[in-house]
Amino acid sequence: MPSSNQIGISTHSFRRTGLTQLSNVGIPLRVIQEISGHRDLAQLQRYLEVKPEQVRGAVAALSMLSHVSEFFDASYVGK
């Protein structure tokens, strides 16, 4: 039977996934920082995964607001 490291699983990947899931359900970054022990928010933010569909969803939500829809467009995603 292969070890967890041979199949790409580590305690670090579980930690990264757990912290990303906290962020995805709306836990404030400052709270996640306390839980994770990261010294600053910039360090934590590099650690969290952001999926392209999350970015598209955020841009779409902004475009629903009439006063900002003229400034945001889905074409800006990834630029």
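The values are calculated or read from the model by the stated rules, or taken from the named source; none is laboratory data. Being a predicted model, the structure only gives us computed values, none of them experimental. Cβ: placed from backbone, ideal geometry, glycine included. Neighbour counts: every protein chain shown. Heavy atoms of the whole protein, side chains included, go into the accessibility calculation; ligands, DNA and RNA do not. Shrake-Rupley method; radii C 1.70, N 1.55, O 1.52, S 1.80 Å.
For the reader, a short list of remarks on this structure follows.
- Only residues that are in contact (Cβ under 8 Å) with a residue 12 or more places away in the chain and open to solvent by 90 Å² or more (accessible area, probe 1.4 Å) were counted in region 50-62, giving 1.
- Across region 6-37, the number of residues qualifying as open to solvent by 50 Å² or more (accessible area, probe 1.4 Å) and not in a helix (DSSP H, G or I) comes to 7.
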